[in-house]
Every structure is written in structure tokens, then in C-alpha cells.
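Contents: one structure, followed by commentary.
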Amino acid sequence: MKIRHIVIIGVFILINVAVLSTLNYSGPPKVEEEEKSEIFVQDLKGMKVLNAEEQFEVAAYGTISSFLSVDVSSEVQGKLIQGRKDLKVGTSFKKGDLMFRVNDTEARYTIRSRKSGFITILAQMLPDIKNDFPTEFDKWNNYIESIKLNESLPVLPSWGDNKEKIFISTRNILTEYFSIKSMEEQLQKYTYYAPFTGVITEAYISEYAVVNPGTRIIKYVANGDFEIAAAVPVAQMEDLKVGSVAKIFTTSGEEKGVGKVVRISEVINKSTQSADVFIKPSAAAGKKFVEGEYVKVQISELETFKGVRVPRAAVHENVVYAYNQKDSTLQPKNVIVLNVNENGAFISGLSDNEVIVTQEVLNYTDSTKYAIVIK
């Protein structure tokens with residue numbers, strides 16, 4: 001019995017140990033994983049501010065045209081006869097060259113006829129002169145002899161006193177004299193000489209055509225004396241002054257010369273909101289300007305400004321973002337935009353050695369951390 005009791009007690013103990021072991025076991029020990037939170041830092045392009053003085057340039061386009069240009073029209077009536085050169089576009093003349101004339105045969109005959117009548121009036125007056133002003137007879141007789149039908153009418157003799165003057169006037173001599181002188185002056189208009197050295201840019205009529213007073217014949221421009229009318233936006237007009245220096249380029253970028261602003265128009269083109277700035281050009285060595293050539297000009301302002309040139313993307317509504325190196329955040333700063341061109345915006349209001357962002361900043365908050373890559 002004792003052995004049986006011992007076995008029963010042993011089995012009971014084993015069963016209790018097994019039950020207790022099952023109750024106390026809850027699986028393998030748990031390993032607490034520390035969650036590591038990663039902080040995202042955005043990289044932005046930036047630059048260090050270094051203020052400097054800069055003279056701005058205003059870019060514009062314009063056409064080269066002759067400073068001296070005339071539309072030549074006929075002042076008389078008759079058949080057009082050209083000179084030694086054709087009245088065609090591109091034909092050049094030197095100052096004083098005969099360009100054309102209008103047939104003046106009829107006009108010359110008319111003047112001769114009037115001179116003949118004038119001589120008759122004077123001859124009819126001589127008997128009265130001899131009776132009333134015997135001392136003046138030889139003077140008037142010699143004057144009649146000096147009149148040549150193919151030459152300009154000589155100047156009238158001066159009268160001795162007011163009585164002689166009235167006598168001459170009542171004989172219609174003064175009226176006829178000045179009428180003939182007017183016709184002689186008109187005769188000069190039948191021949192046209194080049195007023196300056198230049199070239200024909202437009203021809204409106206051909207030789208042997210009949211012209212009338214006011215008929216346009218040619219457009220004539222001076223050689224080597226040019227100006228450029230460049231259209232400048234109104235917003236940039238206040239920065240330009242007479243005397244500003246300009247660089248002149250072809251449309252492909254080749255430099256052709258320099259110039260100076262000589263006039264600034266006060267008339268604004270309504271459709272383009274621009275006004276013309278007139279530049280007197282000077283060609284570079286080996287270069288020349290041509291009438292009608294389209295060119296680009298860069299006009300330098302007279303005043304210089306201090307600031308820094310930054311990419312356009314760095315400025316948004318006159319605000320840039322400065323980088324705070326202590327806490328890696330950004331701080332918006334108000335600036336003044338002085339100039340904008342193809343190289344960026346020139347701004348003032350920043351201190352030297354400040355670091356600013358040179359690209360657009362999206363979803364900005366004052367607590368966001370940034371890293372700046374300076375280029």
C-alpha cells in the first residue's frame with residue numbers, strides 16, 4: 001500500500017506541475033521595437049548675396065532710316081526729262097548733280113513775250129521822262145538797252161525822288177517788273193539738282209511722263225546719315241535719358257556699332273504701349289548701316305544701381321526667401337525689383353552674405369526644415 005500511495009502522490013505532483021507550467025507560459029518574450037521616425041528635409045537651390053553696382057540696359061528693336069529724307073515733287077507742269085542717270089531705286093547722286101528737269105520751252109517763250117511788252121512800256125514812257133525828268137532820261141534809256149530777252153531782267157534803276165516814284169508806278173512799270181521776276185523765279189523750278197549726296201529709295205514716275213504741280217517723283221535719302229527709331233515699353237521709358245549710350249546689333253547678334261539717344265518721343269503707341277527712342281548710330285570698323293535694316297539695340301541707362309542679380313524664379317510678388325542657418329528654416333523678405341532682363345531680376349534690400357533661395361518654394365511653412373545647395 002505504501003508503494004501505491006507513493007505512486008499516486010507522485011502522479012498528482014506531476015499533474016500539478018504540468019498545469020502550473022501551462023498557466024505561466026505566455027509564449028516567447030516580446031522584443032520592443034523602437035519606432036524610428038525619419039524627418040524629411042527638402043533640398044533647395046540657393047546663392048550667397050553679394051551686392052554690386054550695375055548699369056542697366058534696355059533691349060529694343062528698330063529700323064535704320066535716313067536722318068535726312070525728302071519726297072521730291074514737281075512744282076511746275078510739263079514733260080519730265082531725267083538727267084544723266086536713271087530715276088530708279090538705288091541710283092545715287094552727289095550734291096549738285098542734275099537729277100531731272102521739266103520741259104521749260106513754253107515757259108521761256110512766255111517770259112520773253114512779257115519782257116518784250118515790258119520794253120514797250122518803258123519805251124512809251126521815255127518821252128514823258130524827257131519832259132518831266134530830263135536829268136533821269138539817260139538812266140532809263142540805258143536800262144532799256146540793258147534788257148536781254150534770254151537773260152534775267154536787270155534790277156530797276158533807283159528813282160531820284162518821290163515824284164519820280166509815283167510817275168513810274170502810275171505807268172504800271174513796277175507791277176510788270178515784279179511779275180516778270182516772279183516768272184523767272186518759277187523758271188528755276190523746271191530744273192532739279194540733288195540737294196545732298198544720297199540715293200533714290202522710291203521712284204513714282206518715269207521719264208517723258210507729264211507732271212503737274214504736286215506730282216510725286218522720287219523719295220531721296222542722304223547717304224551715311226542715319227538714325228534708329230526703337231520701340232521701348234512705357235514701363236522702361238523713365239529709365240532712359242537723352243545722351244544714353246546704345247550698342248547696336250544685327251538680329252543674329254552680331255555687333256554693328258554704337259550710338260547715342262538724341263530724342264525720346266512723348267507719343268505712346270496705343271496698341272503696343274511703347275514709344276520711340278531715336279538713336280544716332282555710328283558703324284563699327286568694317287561695318288555699315290543700310291536704309292531699312294532691322295536691328296537690335298541695348299540702351300544703357302545713365303544711372304548705376306546697387307543690388308544683386310538673381311534668377312526670376314527667386315522673386316515672387318517682390319518677396320524672396322532667406323535661409324536661416326541656425327534652424328534650417330526660411331524667412332520671407334521684401335525686396336525692391338529694380339530691373340528685369342534675360343539674365344534675371346536685379347533687386348535691392350538684401351545684405352551681403354545672406355543666403356537666399358533661387359527657385360520657386362512650394363508649400364512654404366515657417367517650421368519646415370530645408371537644406372540649401374549653393375550654386
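The values are calculated or read from the model by the stated rules, or taken from the named source; none is laboratory data. Quick caveat, the model's predicted, so the values are computed rather than measured. A quick note on method: Cβ atoms are made from the backbone with ideal geometry, for glycine too, and the neighbour counts reach across all protein chains shown. Ligands, DNA and RNA are stripped out before the accessible areas are found, and what is left, the full protein with its side chains, is counted by its heavy atoms. Shrake-Rupley method; radii C 1.70, N 1.55, O 1.52, S 1.80 Å.
Evaluation of residue 141 against the conditions (1) touching a helix residue (DSSP H, G or I) at 6+ places or on another chain (Cβ under 7 Å); (2) polar (S, T, N, Q); (3) open to solvent by 70 Å² or more (accessible area, probe 1.4 Å) shows that the sole unmet condition is (3). Confirm whether residue 139 is over 19 Å from residue 181 (Cβ atoms) and in contact with a Phe, Trp or Tyr (Cβ under 7 Å, 6 or more places away or on another chain). So residue 139 fails the test. Only one of the numbered conditions (1) more than 15 Å from residue 45 (Cα to Cα); (2) open to solvent by 50 Å² or more (accessible area, probe 1.4 Å) is not met by residue 308, and that is (2). Counting only strands (runs of 3 or more DSSP E) wholly contained in segment 43-99, the ones carrying 2 or more residues that are of a type in the set (Gly, Ala, Ser) occupy 57-66, 69-73. How about segment 331-366: which of its residues are open to solvent by 50 Å² or more (accessible area, probe 1.4 Å) and part of a strand (DSSP E or B)? Within segment 331-366, 331, 332, 333, 334, 336, 337, 338, 340 meet the criteria. Evaluation of residue 328 against the conditions (1) at negative phi; (2) in contact (Cβ under 8 Å) with a residue 60 or more places away in the chain; (3) open to solvent by less than 50 Å² (accessible area, probe 1.4 Å) shows that the sole unmet condition is (1). Taken together, 64, 119 contain a single residue that is surrounded by 12 or more Cβ atoms within 10 Å (Cβ to Cβ), under 46 Å from the mean Cα position of the chain (by Cα) and in contact (Cβ under 8 Å) with a residue 24 or more places away in the chain, which is 64. The test for being in contact (Cβ under 8 Å) with a residue 60 or more places away in the chain, within 30 Å of residue 98 (Cβ to Cβ) and either polar (S, T, N, Q) or outside any loop (DSSP other than H, G, I, E, B) (or both) does not hold for residue 205. Scanning segment 186-194 finds one or more residues that are surrounded by 12 or more Cβ atoms within 10 Å (Cβ to Cβ) and over 30 Å from residue 66 (Cα atoms).
Comparison of 317, 354, 291 shows that the only residue that is among the acidic types (Asp, Glu) and closer than 30 Å to residue 254 by Cα is 291.
For segment 250-267, enumerate the residues that are among the polar types (S, T, N, Q) and either loosely packed, with under 15 Cβ neighbours inside 10 Å or over 19 Å from residue 302 (Cβ atoms) (or both). Within segment 250-267, 250, 251, 252 qualify.
Going by the conditions given, is residue 302 within 12 Å of the chain's Cα centre (by Cα) and part of a loop (DSSP other than H, G, I, E, B)? Criteria not met by residue 302. Looking at segment 235-248, is at least one residue over 33 Å from the mean Cα position of the chain (by Cα) and either at pLDDT 95 or above or buried (at least 17 other Cβ atoms within 10 Å of the Cβ) (or both)? Scanning segment 235-248 turns up no residue that is over 33 Å from the mean Cα position of the chain (by Cα) and either at pLDDT 95 or above or buried (at least 17 other Cβ atoms within 10 Å of the Cβ) (or both).
In segment 276-288, is there at least one residue being open to solvent by less than 30 Å² (accessible area, probe 1.4 Å), outside any loop (DSSP other than H, G, I, E, B) and either among the charged types (D, E, K, R) or touching a Pro at 6+ places or on another chain (Cβ under 6 Å) (or both)? Within segment 276-288 (the criterion being open to solvent by less than 30 Å² (accessible area, probe 1.4 Å), outside any loop (DSSP other than H, G, I, E, B) and either among the charged types (D, E, K, R) or touching a Pro at 6+ places or on another chain (Cβ under 6 Å) (or both)), the answer is no, since none of the residues qualifies. Answer yes or no as to whether residue 208 is modelled with pLDDT of 95 or more, open to solvent by 50 Å² or more (accessible area, probe 1.4 Å) and not aliphatic (A, V, I, L, M). For residue 208, the condition - modelled with pLDDT of 95 or more, open to solvent by 50 Å² or more (accessible area, probe 1.4 Å) and not aliphatic (A, V, I, L, M) - is not met. Checked against the criterion of being without any contact (Cβ under 8 Å) to a residue 60 or more places away in the chain, of a type in the set (Asp, Glu) and closer than 24 Å to residue 60 by Cα, the candidates 317, 303, 266 yield just one match: 266.
Restricting attention to segment 145-189, the residues being of a type in the set (Ser, Thr, Tyr), in contact with a helix residue (DSSP H, G or I) (Cβ under 9 Å, 6 or more places away or on another chain) and either at positive phi or at pLDDT 90 or above (or both) number 4.
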